[in-house]
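Step one of this worksheet: look at the structure below.
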Amino acid sequence: MNKLVLKPGREKSLLNRHPWVFSGAVERLPEGMGNGELVTVVDSQGAFLARAFFNLSSQIIARVISFQEDEIDEAFFRRRIETALALRRELAHLDPGADAWRLINGEGDLLPGLYLDRYRDHLVIRFTCAGMKLRQELILGLLRDRLQPESIFESADRRAGGLENMEARNLQIVGRTPELIEIVENGLRFLVDVRNGQKTGFYLDQKFNRGKVSALAGGRDVLDLFCYSGSFGIGALAGGAKKAVFVDSSRPACALIRRHLALNRLEETRAEVVNSNVFRYLARLEKENRKFDLIVVDPPAFATMKKDLTRAARAYLFLNQTAFRLLREGGLLATFSCSHHVGAKLFDQIAWEAALQAERSARVLFRFHHCPDHPVSVYHPEGDYLKGLLLRVD
């Protein structure tokens, strides 16, 4: 197998089992290798370090698939996939009625660049590195044999496609995926649009966080910002909230909220669905001096790259500062960031500064993370992208 040779002293991260090799660490490239092909990564003395997917087009020039001298063949992928599925079987009792789970979570399941979500008997797959994309047929064959799905749909991650110099497009691969798939989560029914929706159609990583917010919503007036198809607010209404205001800039998402209200037999009089830019709508709420008892702030990733960090921090600060001002005394703020460049320490600092500027007292009651079907390797902190705080505001 062709070798990727590292510069002297640049093997430390691999010895610490971090699964990425950056281009600046490379002393000598393998000859005649195409993007996605396998290489053996060695140190400057030629000692074995890892097997990895090579990609000359990416800043991450090698993504480790094994730290052992394994044969990376069909049997290897079958073992890794079965290990990932076995973990989800262990987790199923945490929400026994649910029929939507993440089955494979990239580096968290030792399968870099491969993401697989299950919605009932339909699978949605994402390839975010050229090495996995190159082995698409092998992986799909294993998934079909093991899971026998009604359909498999490939959901494009265009940002990853650009970074990896690979084609990224939505594609029906197996069967026919319904326009909308009805799922059950925390005892509630939702519709998932895998073709046109955000991520793979639903934010599965927030499953248990939604359950916690629902349990605290009784008797409260709720504001659900960047609500997408309304899963936090629907859960809050089902948990006994007096009213929920849903705010999102997507018309199709707002249409799904109305369908979710009917699907879960929730009174429309308890809901207000607002199709608006969230920042502009917050200014309107402040002008009207409206107040709430529970606010959910769950925006999209503001910092997809490190250079976006300063701008993202300002946006998070504005949102949280405004939310503090809109809360009644004793209110709750559930605030999130899904930008892995915004670390937990920075997010805590933003919450502190927002409370200070809003002149409100706040206490941390709970720290949110993605749910356990999105495992994170301890050697790959970049996978720990979702963080959140539940704050009581006085």
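Figures for the structure shown
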quantity: Positive dipole terminus of the chain, leading residue within P8, L309, P372 (C-beta point charges); calculated: L309
quantity: Rough spin-label spacing in nm, given labels placed 7 Å along Cα→Cβ, for Q357 and K291; calculated: 2.3 nm
quantity: For the range 3-66, convex hull volume per residue from C-alpha positions, Å³; calculated: 66 Å³
quantity: Stretchable slack from E82 to V364, in nm (0.36 nm times residue separation minus alpha-carbon distance); calculated: 97.7 nm
quantity: Relative contact order %, the range 295-343, counting alpha carbon pairs below 8 Å whose residues are six or more apart; calculated: 60 percent
quantity: For the range 242-247, 3J(HN,Hα) per residue [Karplus equation, 6.51 cos²θ - 1.76 cosθ + 1.60, θ = phi - 60°, Hz, x = Gly/Pro]; calculated: 5, 7, 10, 9, 9, 10
quantity: With Cα atoms, 0 to 90° folded angle of helix 136-147 axis to the chain main axis; calculated: 60 degrees
quantity: Relative contact order, percent, the chain [alpha-carbon distance under 8 Å, six or more residues apart]; calculated: 11 percent
quantity: Label-point gap, in nm, between R17 and D70 - each point 7 angstrom along Cα→Cβ; calculated: 1.3 nm
quantity: Phi-based couplings in Hz for the range 23-29 (Karplus 6.51, -1.76, 1.60; Gly and Pro marked x); calculated: 4, x, 8, 8, 8, 9, 8
quantity: 10 Å binning of all Cα-Cα separations within the chain, expressed as whole percents from 0 upward; calculated: 5, 21, 29, 24, 14, 6, 1, 0
quantity: Under Karplus coefficients 6.51, -1.76 and 1.60, residue-wise ³J(HN,Hα) of the range 70-78 in Hz, glycine/proline x; calculated: 7, 7, 8, 10, 4, 4, 4, 5, 4
quantity: Residue pairs, from the table K3/K133; K212/K242; K212/K291; K199/K243; K212/K345, whose Cα atoms sit over 19 Å apart; calculated: K3/K133; K212/K291; K199/K243; K212/K345
quantity: Nearest-ten-degree value, helix 251-263 long axis tilted from longest Cα axis of the chain; calculated: 70 degrees
quantity: Zone residues, the range 39-81, relative to D145, backbone N less than 17 Å from point 7 Å out along Cα-to-Cβ; calculated: 71-81
quantity: Folded to 0 to 90 degrees: helix 309-326 orientation relative to the chain principal axis, Cα; calculated: 20 degrees
quantity: Label point distance in nm, R251-R158, each placed 7 Å from Cα along Cα→Cβ; calculated: 1.9 nm
quantity: Mean residue ellipticity (222 nm) of the chain, computed from DSSP H runs ≥ 4 via -39,500 (n - 2.57), nearest 500; calculated: -9000 deg cm²/dmol
quantity: Normalised per residue, the volume of the convex hull around the Cα set of the range 109-207 (Å³); calculated: 107 Å³
quantity: Charge dipole magnitude, Cβ of K and R +1, D and E -1 - the range 203-393, Cα centre, debye nearest 20; calculated: 280 debye
quantity: Cα centroid of the range 332-394 to Cα centroid of the range 162-236, whole Å; calculated: 20 Å
quantity: Under 13 Å, Cβ to Cβ, from A303 - net charge with Lys/Arg +1 and Asp/Glu -1; calculated: +4
quantity: Summed side-chain charge close to Q321 - residues other than Q321 whose Cβ falls under 12 Å, Lys, Arg +1, Asp, Glu -1; calculated: 0
quantity: Percent RCO, i.e. relative contact order, over the range 203-393, from Cα pairs under 8 Å lying at least 6 residues apart; calculated: 20 percent
quantity: Placed amide H near F302: partners under 5 Å, 5+ positions off or other chain; calculated: C338, S339
quantity: Cα centroid separation - the range 93-115 against the range 116-137, whole Å; calculated: 12 Å
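Values in this text are rule-based calculations from the coordinates and carry no lab data. What you see is a predicted model; the values in this text were computed from it and never measured. Using ideal geometry, Cβ is built from the backbone for each residue, glycine included, and neighbour counts are taken over all protein chains shown.
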